[in-house]
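Enquirer: Pasting in a structure now, in structure tokens, and then I'll have a few things to ask.
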Amino acid sequence: MSLNYEKMSWSDVRDQFRTWREETGRHSEEVVQLWVAVLEDKVQKTGNERHLILEQVIIAALDTARFDIATQCTKQLALEFPGSLRVMKFKAMRYEALEQYDEADEVLDAIIAKDETNAAPRKRKIAILKARGRRLEAIKELSEYLKKFMSDQEAWHELCNMYLAEGEFGKAAFCMEEVLLHNPHSHLIHQRLAEIRYTMGGVENIESARTYYSQALKLNPHNLRALYGIYLCCNHLDNSRAVSSKRKELQKLGQWALEQILTKKTIVPLEAAFGNLEIKSN
């Protein structure tokens, strides 16, 4: 976005900042440039919006590594709101951006001590552990966090990803099942859980994967990955002696899935997704 700073008054910049906040857009570079060029010396004129603008500038300054601006704005807020948890959060964010993780941890611990129900600083501490490469500690901390905030779907999803990175597929599946409890109608979650079960291997897990793939396809008939998953599961189980009694049923389902994959209605979006990949049926 190109803005003519020379022709913008402080009120124009205030209105522009307000628009970006309402649109939940960061526009960090533009915010910093407008702050320095126009609004920095006129911020007192913005009235009740001044604190929102200062917070907006702090975030933008941290995004663009203008730590001097972030420090200046944080100090202005701290003078008006000494001991504010919100201001303390910005201080922790600045330390984290500077990779001063010990100092950031101290500030976050102080926030938690004042408000134990505040989930955000606990999650930031876990993010710091990940940034420092201490993945096992991060997993432990996130597990402890979920004992207190069990309905945090984002946290369960993150813990699932962390377990997958460590090859702990059984624990990852458990986490995704928790996510599924909160979103039983999401075809993507059924698909993800099916992929984890398929990766784990074994007849029981492949059977479970086929069930989840089937449910994903039921929720979204256009889910091509679920169709492929059903075909792969049926093909794997068909070659297993443990389910010989279901062989005809598996062959029929696998053939149906393959036919659906190769129909013209699904081949077009498949080509769009994979570019010039040539797909042929034998």
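The values are calculated or read from the model by the stated rules, or taken from the named source; none is laboratory data. Remember, it's a predicted structure, so these values are computed and weren't measured experimentally. No Cβ is skipped: glycine too gets one built from the backbone with ideal geometry, and neighbour counts run over all protein chains shown. Areas reflect the complete protein model, heavy atoms only, side chains present, ligands, DNA and RNA absent. Shrake-Rupley method; radii C 1.70, N 1.55, O 1.52, S 1.80 Å.
Enquirer: For helix 264-274, report the angle its Cα long axis makes with the longest principal axis of the Cα atoms of the chain; keep it between 0 and 90° and round to the nearest 10°.
Expert: The angle comes out near 50 degrees.
Enquirer: Put Asp63, Asp41 in order of accessible area, largest first, 1.4 Å probe: what do you get?
Expert: Asp41, Asp63
Enquirer: To one decimal place, what Kirkwood hydrodynamic radius in Å is obtained for region 80-122 from all pairs of distinct Cα atoms?
Expert: One decimal place: 10.3 Å for the Kirkwood radius.
Enquirer: Run the numbers on the chain and let me know its relative contact order in percent, using alpha-carbon pairs under 8 Å that are six or more apart.
Expert: Normalised by residue count, the contact order of the chain is 7 percent.
Enquirer: Can you find, among Gly167, Ala257, Trp20, the residue sitting farthest towards the positive end of the charge dipole of the chain, where Lys and Arg contribute +1 and Asp and Glu -1 at Cβ?
Expert: Of the listed residues, the answer is Ala257.
Enquirer: Separation between the Phe67 and Ser240 pseudo-spin-labels, each 7 Å from Cα along Cα→Cβ, expressed in nm?
Expert: Placing both labels 7 Å beyond Cα along the Cβ direction yields 5.4 nm.
Enquirer: Apply the a/c threshold of 1.5 to the C-alpha gyration tensor of region 186-260 and tell me whether it is rounded, prolate or oblate.
Expert: Oblate is the answer for region 186-260, as a/c is 1.5 or above yet b/c matches or exceeds a/b.
Enquirer: Lys246: which lysines have alpha carbons under 29 Å from its alpha carbon, excluding same-chain residues fewer than 8 sequence positions away?
Expert: Lys218, Lys280
Enquirer: Based on the Cβ-Cβ distance from Glu40 to Phe149, what FRET efficiency comes out when R0 is 35 Å, to the nearest 0.05? All intermediate terms of the calculation are to be shown ahead of the outcome.
Expert: Numbers: r = 39 Å, r/R0 = 1.11.
Efficiency, rounded to the nearest 0.05: 0.35.
Enquirer: Something else about it: Using only protein heavy atoms and a 1.4 Å probe, report how much of Arg135 is accessible, in Å² to the nearest 10.
Expert: Around 130 Å² of this residue is reachable by solvent.
Enquirer: How much length is gained if the chain between Gln255 and Arg86 is pulled fully straight, taking 0.36 nm per residue apart and subtracting their Cα-Cα distance, in nm to one decimal?
Expert: Value of the extension gain: 55.0 nm.
Enquirer: Once both axes come from the Cα atoms, what is the angle between helix 10-22 and the longest principal axis of the chain, in degrees from 0 to 90, rounded to 10?
Expert: It is inclined by approximately 20 degrees.
Enquirer: Can you pull the Kirkwood radius for region 132-268, inverse mean 1/r over Cα pairs, to one decimal in Å?
Expert: Across region 132-268, the inverse of the average 1/r is 16.1 Å.
Enquirer: On to the next question. Can you work out the FRET efficiency for the pair Ser11 and Asn161, with r the C-beta to C-beta distance and R0 = 45 Å, to the nearest 0.05?
Expert: In this case the efficiency is close to 0.50.
Enquirer: Give the share of C-alpha pairs in each 10 angstrom bin for the chain, from 0 to the last occupied bin, in whole percents, shortest bins first.
Expert: 6, 20, 20, 19, 17, 12, 5, 1
Enquirer: May I ask you to derive the relative contact order of region 186-260, considering only C-alpha pairs under 8 Å and at least 6 residues apart, and to give it as an integer percent?
Expert: It comes to 28 percent, rounded to a whole number.
Enquirer: Here is a further query. If DNA, RNA and ligands are ignored and the probe is 1.4 Å, what is the ranking of Thr46, Thr211, Thr71 by accessible area, most exposed first?
Expert: Thr211, Thr71, Thr46
Enquirer: Please label the shape of region 1-86 as rounded, prolate or oblate, based on the square roots a ≥ b ≥ c of the eigenvalues of the alpha-carbon gyration tensor (a/c under 1.5 means rounded; beyond that, a/b larger than b/c means prolate, else oblate).
Expert: Note, shape of region 1-86 comes out prolate.
Enquirer: Given Lys130/Lys171; Lys75/Lys147; Lys75/Lys140; Lys42/Lys91; Lys45/Lys75, which pairs have Cα atoms separated by over 28 Å?
Expert: Checking Cα-Cα distances, Lys75/Lys147; Lys75/Lys140 exceed 28 Å.
Enquirer: Could I ask something else about it? To the nearest 10 Å², what's Lys125's accessible area with a 1.4 Å probe?
Expert: Counting only protein heavy atoms, the figure is 50 Å².
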